1. Scan the chain and report its longest stretch carrying no trypsin sites (Lys or Arg not before Pro) that are both in a DSSP loop and have at most 13 other Cβ atoms within 10 Å.
2. Output wanted: per-residue J couplings in Hz (rounded whole) for the stretch 17-29, from phi through Karplus 6.51 cos²θ - 1.76 cosθ + 1.60, θ = phi - 60°, x for Gly and Pro.
3. Quick one: if you stick a label point 7 Å off each Cα along the C-beta vector at Asn112 and Ser6, how many nm between them?
4. Ile17 versus Leu85, label points 7 Å from Cα toward the beta carbon: distance in nm?
5. Quickly estimate the mean residue ellipticity at 222 nm for the chain, helices only: each DSSP H run with n ≥ 4 gives -39500 (n - 2.57), and the total goes over all residues, rounded to 500.
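Only the coordinates and a few stated rules stand behind these numbers; no lab work does. Computed from a predicted model, the values in this text were never measured in an experiment. Don't worry about glycine lacking a Cβ; one is built from the backbone with ideal geometry, like all the others, and counts go over all protein chains shown.
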Amino acid sequence: MKKPRSIPIICWTNIIINYLIVLGLTLIVLALGDSFIQSSALLFMPYLNFVVIFFLNKNILRGRHWARDIFIAWLLAVDVLVYVLFENVPITMCHVLLLIVNLICLFHPSANVFFHEKNTE
């Protein structure tokens, strides 16, 4: 089966959004320094998140079903972490909305058929 159009769109959107977050954080740190960040772990997280999302989305594009399962679990973990660390409902709701869009795009019927066929080859 041909790859559903929604899979490359959502994968590249995830990669681009996270790249822009990392780029923005890097520019802010270069301009202001890292004194505004309470913990060095908070500074490290967006970079780790970008690497994980890039790796998982690359494998999703190749049709590996395990990557989409791990990706959704990763997004859930990041959502919980964002809420615990920032206690900011609007930011958390943006993450939850992105999670819902990913769930719809990666688990609709044609996507399920695509991942099933790729894993039986």
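1. Working: sites that count: Lys2, Arg5, Arg62.
Counting only loop sites that pass the neighbour cut-off, the longest clear stretch is 63-121.
2. Values per residue, Gly and Pro as x: 4, 6, 5, 5, 4, 5, 4, x, 4, 4, 5, 5, 5 Hz.
3. About 1.2 nm separates the two model spin labels.
4. About 1.6 nm, to one decimal.
5. Working: 5 runs with 102 residues, N = 121.
Taking each H run of at least 4 residues, the total per residue is -29000 deg cm²/dmol.
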